[in-house]
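Below is one structure; the comments refer to it alone.
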Amino acid sequence: MKTRALDANFDWQFGRGLQSYVTEKNALKQNISTRLKSWRNDCFFAMDDGVDWQNFLDIGKKRFLDIDIKRVILQTEGVLRISSYTSTLDTAERRVTITATVSTIFGLVTVTEGI
């Protein structure tokens, strides 16, 4: 697996030759992170992709949010299973912090995202 690397602003990197790409574990970790930041119904050619942030980032919806986040992780190409998962929801700030250890075709990958 190989994909274009993202910089700190989540823009594609160019002009560094092969260093503008990430491979295997790093590519898979980047794919998971990117998919978690995607909103459901936001991409005209993939309406079911992404997390339903609009409906689940609210009081009393954490269980549904966790299920949706896990669905997105498990549907990422190369992911075999979720080994461990935790999330913290701040409804006042409408922010969630996710930490997941994922078994992949390249070994274990730990993803930590604040969204």
_Using only alpha-carbon positions, what ratio does the radius of gyration of the chain give when scaled by 2.2 N^0.38 Å?_
1.10
*Where a label projected 7 Å from the Cα of ILE59 along Cα→Cβ would reach, residues of the stretch 75-109 with amide N under 16 Å*: 89-95
*Compute the accessible area per residue over the chain, keeping the other protein chains in place, probe 1.4 Å, unit Å².*
63
*Could you tally the net charge around VAL72, taking each other residue with its Cβ under 15 Å from the Cβ of VAL72, Lys/Arg +1 and Asp/Glu -1?*
-1
*Spin-label model distance (nm) - ARG16 vs SER87, 7 Å beyond Cα toward Cβ*: 3.1
*asked:* From Cα pairs below 8 angstrom and at least 6 apart in sequence, can you work out the relative contact order of the stretch 1-98, rounded to a whole percent?
replied: 18
*In debye to the nearest 20, how big a dipole does the chain give about its Cα centre with +1 on each Lys and Arg Cβ and -1 on each Asp and Glu Cβ?*
260
_Carbon + sulfur, % of accessible area of the chain - ligands and nucleic acids excluded, 1.4 Å_ = 50
*Could you give the length gained on full extension between ASN26 and SER38, defined as 0.36 nm per residue of separation minus the Cα-Cα distance, in nm?*
2.5 nm
_Listed residue (ILE105, GLY60, SER87) projecting farthest to the positive dipole end of the stretch 1-105, Cβ model_ = ILE105
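The values are calculated or read from the model by the stated rules, or taken from the named source; none is laboratory data. Keep in mind that what you see is a predicted model, and the values were worked out from it rather than measured. We place every Cβ from the backbone using ideal geometry, glycine too, and count neighbours over all the protein chains shown. Heavy atoms of the whole protein, side chains included, go into the accessibility calculation; ligands, DNA and RNA do not. Shrake-Rupley method; radii C 1.70, N 1.55, O 1.52, S 1.80 Å.
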